[in-house]
1. Condition test on B:Y58, is it closer than 18 Å to B:N104 by Cβ, assigned to a loop (DSSP other than H, G, I, E, B), more than 14 Å from chain A (Cβ to nearest Cβ) and among the hydroxyl-bearing types (S, T, Y)?
2. Answer yes if at least one residue in the range A:24-42 is under 24 Å from A:D106 (Cβ atoms), touching a helix residue (DSSP H, G or I) at 6+ places or on another chain (Cβ under 7 Å), assigned to a loop (DSSP other than H, G, I, E, B) and in contact (Cβ under 8 Å) with a residue 40 or more places away in the chain, and no otherwise.
3. Hey, could you check the range A:1-20 for residues that are facing chain B (nearest Cβ under 10 Å) and basic (K, R) and say which is surrounded by the most Cβ atoms within 10 Å (Cβ to Cβ)?
4. Going through the range B:74-85 one residue at a time, which ones are closer than 24 Å to B:I32 by Cβ and surrounded by 19 or more Cβ atoms within 10 Å (Cβ to Cβ)?
5. All but one of (1) farther than 18 Å from B:I7 by Cα; (2) not small (G, A, S); (3) not in a loop (DSSP other than H, G, I, E, B) hold for B:L53; state the number of the condition that does not hold.
6. With the requirement that a residue be within 14 Å of chain B (Cβ to nearest Cβ) and over 12 Å from A:Q42 (Cβ atoms), what does the range A:90-120 give you?
7. Answer yes if at least one residue in the range A:82-104 is surrounded by fewer than 17 Cβ atoms within 10 Å (Cβ to Cβ), under 29 Å from B:L117 (Cα atoms) and among the hydroxyl-bearing types (S, T, Y), and no otherwise.
8. Scan A:E87, A:E56 and give me the residue that is away from chain B (no Cβ under 14 Å), among the acidic types (D, E) and within 26 Å of B:T80 (Cα to Cα).
Amino acid sequence: MTKKTLAIINSKAPYSFNHGKDSLDIALIFGSYEQGVSLFFQGDGVFQLTPNQDGEQLSLKDYLKTFSAFEFYDIEDIYVCLESLQERSLASSFHIENVNILPAVDFAHKLKQHENILRF
Amino acid sequence: MNKLAVIITSPPSSNLSVTAIEYIEAALALQIEIVGIFFYQDGVLHANTYVELPSDEYQAQAKWLALKKEYNLPLHLCVTAASKRGLQVDETISTEPQSSNVANAFEISGLGELVELTNYADRVVQF
């Protein structure tokens, strides 16, 4: 285990703030430097995974489209908090594949396995 | 095994600036090596020389400059975040000093530098 892993927590809804895009930029940079990076979605951040959204309708750049590039950057560890989905009555369908739904306790446990955590 | 990197994403108007700076000062007092400070999102506004706060309020920028001067801490500014927020990042490479609104102590970096810092540090803390 010489490689360090970064966990990025996404906690804000996609189009109210720029945090999602700022977080995405970091994820892709770490991916392109072949650093381990995992993505966590929690709180209103789970809305970033909701399917069929179109930022263009809000005159905003649709950065969520870029999520489909994760596999090219070897970003494969993607976790979403079950309770956050339930509290918002969201179905477990997402606009990208391979999203792991974890109950809060497991979500926290998974986070703990990472060396560094950034939150957006 | 005592290397710290700090990521600043809060603007100077946030009280988290005080927490961050006091945290860094405390770490330095404990002989912890600070490998670098990376300013991202609204954190880049810390470099803006045009930001003026009432003189009886906490002067975050003056603190950063003092930390740079005393400990030669690398203060990295994310170029994309900075130009989005009106910092004249192109001017900083000009030979004329103070021709831009970026304080001299800050250096223009990219997210690649963040990768380097997190790799090099034993611990990364975000404010």
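1. On the way: closer than 18 Å to B:N104 by Cβ: no; assigned to a loop (DSSP other than H, G, I, E, B): yes; more than 14 Å from chain A (Cβ to nearest Cβ): yes; among the hydroxyl-bearing types (S, T, Y): yes.
Considered against the rule, which asks whether it is closer than 18 Å to B:N104 by Cβ, assigned to a loop (DSSP other than H, G, I, E, B), more than 14 Å from chain A (Cβ to nearest Cβ) and among the hydroxyl-bearing types (S, T, Y), B:Y58 comes out as no.
2. Looking for residues that are under 24 Å from A:D106 (Cβ atoms), touching a helix residue (DSSP H, G or I) at 6+ places or on another chain (Cβ under 7 Å), assigned to a loop (DSSP other than H, G, I, E, B) and in contact (Cβ under 8 Å) with a residue 40 or more places away in the chain, one finds at least one in the range A:24-42, hence yes.
3. Filtering first and then ranking leaves A:K4.
4. Scanning the range B:74-85 gives B:L75, B:H76, B:L77, B:C78.
5. With (1) farther than 18 Å from B:I7 by Cα; (2) not small (G, A, S); (3) not in a loop (DSSP other than H, G, I, E, B) applied to B:L53, the lone miss is (3).
6. Within the range A:90-120, A:H114, A:E115, A:N116, A:L118 meet the criteria.
7. No: the range A:82-104 contains no residue that is surrounded by fewer than 17 Cβ atoms within 10 Å (Cβ to Cβ), under 29 Å from B:L117 (Cα atoms) and among the hydroxyl-bearing types (S, T, Y).
8. Working: A:E87 fails: within 26 Å of B:T80 (Cα to Cα).
Just one listed residue meets the conditions, A:E56.
The values are calculated or read from the model by the stated rules, or taken from the named source; none is laboratory data. Predicted model only: the values in this text are computed from it and were never measured. FYI the Cβ positions are ideal-geometry reconstructions off the backbone, even for glycines, and counts take in every protein chain you see.
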